[in-house]
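FYI, it's all coordinate maths here, none of it is from the lab. In this text, all values refer to a predicted model and were calculated from it rather than measured experimentally. Neighbour counts run over all protein chains shown; Cβ positions are idealised from the backbone, glycine included.
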Amino acid sequence: APSTYYGPQGIEGQQNAARVAALRTVGKTPADVTAAETARTATTTPMRETALGGANIVGVSTNRLMRQIRGVESQPGIRASDVVSKSLAAVKEKIAQFTNKDGFINAKDLYTIRKEVGNTIQTYAKETGNWDKRLTSGLERDLQRNIDDAIEAAGGKGWKNYLSTYASMSKPINQMEIGQDLERKLVPALGEDAKQRAAV
């Protein structure tokens, strides 16, 4: 009695429907993701622009920031890492490139450098074949924290509040995207490409 087991009305179809329904409690729909992203943009963009604008009244001093980065790269243990030395050298070079003769950098340029820190570290981690996830994530976190401190110290009031708000509003978006990705992999059930097998 194949119809008892296979097809939309059989056990196979019922199991698929149950899996999809369970995932949609988290994943929801693409329209829900778009709506959440729009809400995040509407809330956080003014916060970000206000903070960066405040920091740009004079600009962000890079002297202290460079000292902090040198402090990170001089720590025993991590200073022996090629990933650390090459990543920090690249970040310092980029900051220096956009620092004016008075020692200040535009906060928006520094924000872009901040966003690309993770990519820079990953590039050198892959290049050296040394992918220590704990080391690289800690390095990224330290660099971004130093940049955040520099932006707030320059007059970017509310910068860390912006970051916190953005992170909290991103969490449900990330969860929905993961749920939808899993849903796409659940259908069909155990077909030719066996998408639901544990190994896959």
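For segment 1-99, which chymotrypsin sites (Phe, Trp or Tyr not before Pro) pass both filters: DSSP loop (anything but H, G, I, E, B) and at most 16 other C-beta atoms within 10 Å? Can you show the working numbers first?
On the way: sites: TYR5, TYR6, PHE98; in loops: TYR6, PHE98.
Taking segment 1-99 and a limit of 16 other Cβ atoms within 10 Å, the loop chymotrypsin sites (Phe, Trp or Tyr not before Pro) found are TYR6, PHE98.
Quick one: if you stick a label point 7 Å off each Cα along the C-beta vector at THR50 and TYR166, how many nm between them?
Taking the simple label geometry, THR50 and TYR166 are separated by 1.6 nm.
Consider the candidate values [x] 81, 41, 22; [y] 61, 52, 38; [z] 43, 34, 34; state which one is Cα extents along the principal axes in Å computed from the structure displayed.
Working out Cα extents along the principal axes in Å from the coordinates points to [x].
Each residue of segment 21-34 in order: what ³J(HN,Hα) in whole Hz does its phi give by Karplus 6.51 cos²θ - 1.76 cosθ + 1.60, θ = phi - 60°, with x for Gly and Pro?
Couplings: 4, 5, 5, 6, 5, 9, x, 6, 10, x, 5, 5, 5, 4 Hz.
What's the local net charge at THR165, with K and R +1, D and E -1, over the other residues with C-beta under 13 Å away?
On the way: positive: ARG40, ARG48, LYS160, LYS171; negative: none.
Charge balance near THR165 sits at +4.
Can you return the aspartates and glutamates within cross-link range of LYS94? Criterion is Cα-Cα under 14 Å, with same-chain partners fewer than 8 residues away left out.
ASP109, GLU116
At a Förster distance of 22 Å, what's the computed FRET efficiency of GLN9 paired with THR29, Cβ-Cβ distance as r, to 0.05?
Numbers: r = 24 Å, r/R0 = 1.10.
With R0 = 22 Å, the Cβ-Cβ based efficiency is 0.35.
Could you list which residues have their amide H under 5 Å from that of TYR6, counting only those 5 or more apart in sequence or on another chain, with H placed in the peptide plane?
Here ILE11, GLU12 satisfy the definition.
Select from ILE11, GLY71, SER168 the residue farthest towards the positive end of the dipole of the chain; place +1 on Cβ of Lys and Arg, -1 on Cβ of Asp and Glu, and compute about the Cα centre.
After comparing all options, I get GLY71.
Enter the per residue convex hull volume of segment 1-119, computed from alpha-carbon coordinates, in Å³ rounded to the nearest integer. Show your work: numbers first, answer last.
Working: hull volume 22.1 nm³, N = 119.
Taking the convex hull of the Cα positions in segment 1-119, it is 186 Å³ per residue.
Tell me what the chain gives for mean residue ellipticity at 222 nm when only DSSP H runs of n ≥ 4 count, each as -39,500 (n - 2.57), the sum divided by the residue total, rounded to 500 deg cm²/dmol. Write out the running numbers ahead of the final one.
Numbers: 8 runs with 145 residues, N = 200.
Mean residue ellipticity at 222 nm (helix-derived): -24500 deg cm²/dmol.
Determine, from the Cβ-Cβ distance of ALA18 and ILE178 and an R0 of 25 Å, the FRET efficiency 1/(1 + (r/R0)^6), rounded to the nearest 0.05.
Values: r = 19 Å, r/R0 = 0.75.
With R0 = 25 Å, the Cβ-Cβ based efficiency is 0.85.
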